[in-house]
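Inspection log for the structure reproduced underneath, given as structure tokens.
The values are calculated or read from the model by the stated rules, or taken from the named source; none is laboratory data. Note that the coordinates shown come from a computational prediction; the quantities given were computed from them, not determined experimentally. A quick note on method: Cβ atoms are made from the backbone with ideal geometry, for glycine too, and the neighbour counts reach across all protein chains shown. Surface accessibility is based on the protein's heavy atoms, side chains included, excluding ligands, DNA and RNA. Shrake-Rupley method; radii C 1.70, N 1.55, O 1.52, S 1.80 Å.
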Amino acid sequence: MPGYDRDFLRLLTEKLNIVDVASSYMHLEKKGGTYWACCPFHHEKTASFHIDEARQFYHCFGCGVSGNVITLVKELENVDFGDAVKMLAEKANLPLPENNFDGEKTAELKRKRDTLLKIMNDCAHFYLDNLNSGNADAHINYILSRKIPSNIVRAFGLGASLNYYDLPKFLLKKGYSRQDMLDSGAVSEVEGRLLDSQGGRLIFPIINAFDEVVAFGGRSLKPTDYAKYKNTKETLIFNKSKMLYNINRLKKLRRAGGLKEVIMVEGYMDTISLYMGGFKNVVASMGTSLTQEQARLIKRYAGTVLISYDGDSAGQKANMRGLEILKSEGLDVKVVPLPEGLDPDDVIKQLGSDSYSQCLADAMPLTDYKLSVARKAHDISKPEEKIRYVSDALKVVRSVESSAERELMLKNLRDETGISYESLSRDLQQVPAEKQETEEDKPRKVQDPADVHIKASRFVAAAILLGARYTQDTDISAIPFASDVHTLVAGYVKSKQLMGEKVTLSEIFDFFDEGTPEYEELCRILDLNDGNNLEGEVPQKYYFDCLKRLKEDSIAKAIEEVKKQFSATDDVEEKRQAAALLQQLVKQKEKLKSGDIR
């Protein structure tokens with residue numbers, strides 16, 4: 001894998017037990033010699049995420065993802081390969097070696113990332129110095145008006161952009177190239193002139209889980225035709241759909257003693273106000289609609305999320321899709337009721353922390369919240385509005401899985417509207433079931449389009465890789481696999497056998513780049529490790545049938561090729577050689593038909 005020597009990666013994966021690492025992220029249940037959990041990469045109720053401790057790899061039989069301890073941390077922590085290696089090396093107490101990059105492209109990518117991070121770090125210090133320079137009166141006055149004390153200003157690294165021109169000059173003096181400055185997002189270009197992307201704004205550094213500044217949010221201090229708040233653009237180091245404000249502190253809280261729940265707010269000031277009020281477990285989506293990636297990120301820290309958005313009903317309706325995304329990831333979603341027209345910052349400032357604590361205590365389950373939104377949208381004193389409300393409410397009732405809960409909700413709806421329980425129950429039967437999964441939510445595993453030849457090749461490769469006992473006498477080098485991936489997998493096993501070493505599946509993931517067709521095919525091979533697919537008389541017979549098919553297909557292709565060569569030449573000697581080869585191939589074909597596949 002690019003970035004580090006394979007011997008170091010092998011040492012790292014050998015020193016760490018994937019079960020120990022995985023158990024810090026999810027609850028594992030041991031069954032026999034393997035461990036199982038609900039997959040962290042797609043929503044499911046029955047555990048299909050399998051960890052093989054002996055072979056040190058994971059595979060989900062639901063969505064098809066596979067990997068070793070490095071890819072597991074990479075995906076769970078939402079970081080790149082290098083950062084995952086860094087985290088694990090620290091955990092294993094192994095010093096990182098000098099990076100030994102496999103190519104110029106990879107080396108350039110790392111150089112670029114390191115440069116952008118350095119630019120953003122220098123920008124953060126530049127903005128901080130501006131705030132303390134005595135020239136940032138407007139910024140200081142705004143901070144004072146929001147009652148943010150100096151220790152919180154320092155803790156969140158707030159800063160000031162005084163104009164559009166000083167930052168580009170500062171960065172140029174530091175020796176950064178024009179292109180790197182633009183690629184960082186901190187600087188933009190208008191009519192050939194470099195400008196501070198957050199010119200004149202109060203600056204909120206956006207910091208990732210590794211305490212690296214990756215972007216900036218800016219708050220306008222004067223009336224503007226543009227957005228009051230804006231983020232720097234997405235870059236190599238910043239993807240807003242995968243980022244949450246204050247995630248760096250949330251990570252530290254989890255390490256310090258675990259988290260039961262996470263409070264989700266909309267923006268920077270809500271986050272800071274709640275933090276000041278003693279609510280440290282808070283993150284913000286920075287004004288963007290909630291995404292699947294953000295939901296998965298929250299799930300890594302806690303199983304319950306408390307949504308604490310503005311108290312106006314319009315905003316509540318707009319956020320319904322985000323709540324469904326959170327629910328689809330298996331999170332327990334509750335909505336914090338706030339006084340009408342107030343946001344979390346207002347509640348803390350005007351009513352105090354105790355009042356906000358009461359709001360948290362009154363947090364509603366998602367179904368109750370949906371009903372309250374529907375109720376606010378209709379005036380049930382009017383018959384036609386009451387009918388619309390009942391229709392919306394029944395859709396909510398239909399989405400509930402528990403029969404007892406449905407019955408209770410129908411009784412409450414009866415008492416609220418005066419419509420009989422029997423009528424409501426009949427109407428409920430007409431409401432179509434809610435789709436359990438959207439296209440976006442579905443597991444990534446797709447229908448296998450492979451032909452019979454590929455499937456036979458895959459089964460043989462899987463049996464060899466996973467050590468099925470009936471493969472022991474197989475001459476691996478003589479198998480005409482249908483795919484280069486299968487050939488590589490089997491070749492890896494043979495090389496280990498020749499060296500007298502143990503086959504460790506964690507190592508084989510380093511041969512393929514994630515997201516490529518080759519990596520996907522490796523995952524399909526590992527799918528065959530489910531249940532009794534590889535053990536018993538039936539799989540054994542199927543294995544030898546597959547071997548026979550592969551050899552028959554290979555010989556058939558060779559025969560066709562020799563026939564073409566025979567027909568294409570007028571040279572007597574070439575025809576004689578082709579005829580002799582054809583005779584050999586026909587004999588091999590007959591031998592296979594008789595059942596001898598050696």
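Here are the numbers for this structure:
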| item | result |
| --- | --- |
| Additional length obtainable on full extension of the chain from residue 564 to residue 110, 0.36 nm per residue less Cα span | 158.3 nm |
| Full-extension gain in nm, residue 80 to residue 146, via 0.36 nm per residue minus C-alpha separation | 20.0 nm |
| Amide N proximity, the range 331-366 versus residue 260 label position 7 Å along Cα-to-Cβ, cut-off under 19 Å | 331-337, 353-366 |
| Given charges at beta-carbon only (K, R positive; D, E negative), |dipole| of the range 67-198 in Debye | 320 debye |
| Candidate aspartates and glutamates for bridging to residue 173, where Cα separation is under 18 Å - those fewer than 8 sequence places away on the same chain excluded | 122, 129, 183, 189, 196 |
| Within the chain: Cβ-based charge dipole about Cα centre, in debye rounded to nearest 20 (Lys, Arg +1; Asp, Glu -1) | 520 debye |
| Residue-count net charge about residue 141 - beta-carbon cut-off 13 Å; Lys, Arg +1, Asp, Glu -1 | +3 |
| Helix axis angle, 452-465 relative to the chain longest principal axis, alpha carbon, degrees | 80 degrees |
| Residues residue 10 and residue 591, FRET efficiency given R0 of 35 Å [Cβ-Cβ distance, rounded to 0.05] | 0.25 |
| Listed pairs 230/252; 91/334; 376/411 exceeding 23 Å between Cα atoms | 230/252; 91/334 |
| Proximal aspartates and glutamates relative to residue 222, as straight alpha-carbon distance under 16 Å, when same-chain residues fewer than 8 apart are discounted | 137 |
| Heavy-atom surface of the range 128-209, accessible at 1.4 Å and reported per residue (Å²) | 48 Å² |
| Extension gain, residue 132 back to residue 513 (0.36 nm per residue minus Cα-Cα distance, nm) | 132.5 nm |
| Separation between Cα centres of the range 236-304 and the range 469-517, rounded to whole Å | 42 Å |
| Residues whose placed amide H lies under 5 Å from that of residue 187, excluding near-sequence neighbours | 197 |
| Under the Karplus curve 6.51 cos²θ - 1.76 cosθ + 1.60, θ = phi - 60°, whole-Hz ³J(HN,Hα) for the range 498-508, x wherever Gly or Pro sits | 5, 8, x, 9, 6, 6, 10, 4, 4, 6, 5 |
| Label point distance in nm, residue 193-residue 377, each placed 7 Å from Cα along Cα→Cβ | 4.9 nm |
| Point-to-point label distance, residue 253-residue 579, nm (Cα→Cβ direction, 7 Å offset) | 8.6 nm |
| Charge-dipole axis of the chain as Lys and Arg at +1 and Asp and Glu at -1 on Cβ define it, positive-most pick from 499, 474, 26 | 26 |
| FRET efficiency estimate (nearest 0.05) - Cβ-Cβ, residue 557 to residue 54, R0 45 angstrom | 0.75 |
| Relative contact order (%) - criterion: Cα under 8 Å, at least six apart; region: the chain | 11 percent |
| Carbon plus sulfur fraction of accessible area for the chain, probe 1.4 Å, in percent | 50 percent |
| Separation between Cα centres of the range 539-561 and the range 319-377, rounded to whole Å | 62 Å |
| Computed E for residue 502/residue 470 - FRET, C-beta separation, R0 25 angstrom, nearest 0.05 | 0.80 |
| Candidate lysines for bridging to residue 591, where Cα separation is under 27 Å - those fewer than 8 sequence places away on the same chain excluded | 455, 494, 541, 548, 551, 557, 563, 564, 575 |
